[in-house]
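Here's the structure, in structure tokens; my notes come after.
The values are calculated or read from the model by the stated rules, or taken from the named source; none is laboratory data. Remember, predicted model here, so these are calculated numbers, not experimental data. Cβ: placed from backbone, ideal geometry, glycine included. Neighbour counts: every protein chain shown. The protein model used for the area step is the full one, side chains on, heavy atoms only, and it has no ligands, DNA or RNA in it. Shrake-Rupley method; radii C 1.70, N 1.55, O 1.52, S 1.80 Å.
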Amino acid sequence: QVQLVESGGGLVEPGGSLTLSCAASASIFIIGTMDWYRQGPGKQRELVASISPVGGTNYADSVKGRFTISRSRNSVNLQMNNLKPEDTALYYCNFPRYDAWGQGTQVTVSS
């Protein structure tokens, strides 16, 4: 099984930036799509961004122009710029082909 570990969350002021990272425990070439989800307080889980095996990307409307997803051999990153309070959530990475989820990393945007 592939296990995922997220890192990079924290407390940031509105307008600030954070970069989240998610790495697989196994040193293998990960196939299939890689996704980032988030779940804010009192909200349902939502898909934030996804990246295909050939690098094609999709973003939720709420983060377009502010977030950038990228991938490497066994990892996926999410660069988050111009953060807003509504971005506050627990962020999870997901590799659907492996049914693998990270434990989540907390992002809090507050002044």
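For the reader, a short list of remarks on this structure follows.
- Across segment 27-54, the number of residues qualifying as among the hydrophobic types (A, V, I, L, M, F, W, C) and exposed (fewer than 14 other Cβ atoms within 10 Å of the Cβ) comes to 5.
- Taking segment 73-111 as the range and being modelled with pLDDT of 95 or more, assigned to a loop (DSSP other than H, G, I, E, B) and polar (S, T, N, Q) as the test, the residues that pass are Asn81, Asn82, Thr88, Gln103, Ser110.
- Tally of residues being among the β-branched types (Val, Ile, Thr) and free of Cβ contacts under 8 Å to residues at least 12 places away in the same chain across segment 45-63: 1
- Residue selected from segment 64-100 under the condition among the hydrophobic types (A, V, I, L, M, F, W, C) and closer than 20 Å to Gly32 by Cβ, by the criterion surrounded by the fewest Cβ atoms within 10 Å (Cβ to Cβ): Ala100
- Within segment 17-44, residues that are farther than 23 Å from Pro85 by Cα and among the hydroxyl-bearing types (Ser, Thr, Tyr) have Cβ atoms under 8 Å from residues that are open to solvent by less than 80 Å² (accessible area, probe 1.4 Å) and not in a strand (DSSP E or B) in these pairs: Ser25/Val2; Ser27/Asn74; Thr33/Ser52; Thr33/Pro96, counting only partners at least 6 apart in sequence or on another chain.
- Residues of segment 1-25 that are over 15 Å from Val63 (Cβ atoms) and open to solvent by 30 Å² or more (accessible area, probe 1.4 Å): Gln1, Gln3, Val5, Ser7, Gly8, Gly9, Leu11, Glu13, Ser21, Ala23, Ser25.
- Gln103 closer than 13 Å to Cys22 by Cβ, of a type outside the set (A, V, I, L, M, F, W, C) and open to solvent by 70 Å² or more (accessible area, probe 1.4 Å): yes
- Flag if Val12 is among the β-branched types (Val, Ile, Thr) and either in contact with a Gly (Cβ under 6 Å, 6 or more places away or on another chain) or without any contact (Cβ under 8 Å) to a residue 60 or more places away in the chain (or both): no
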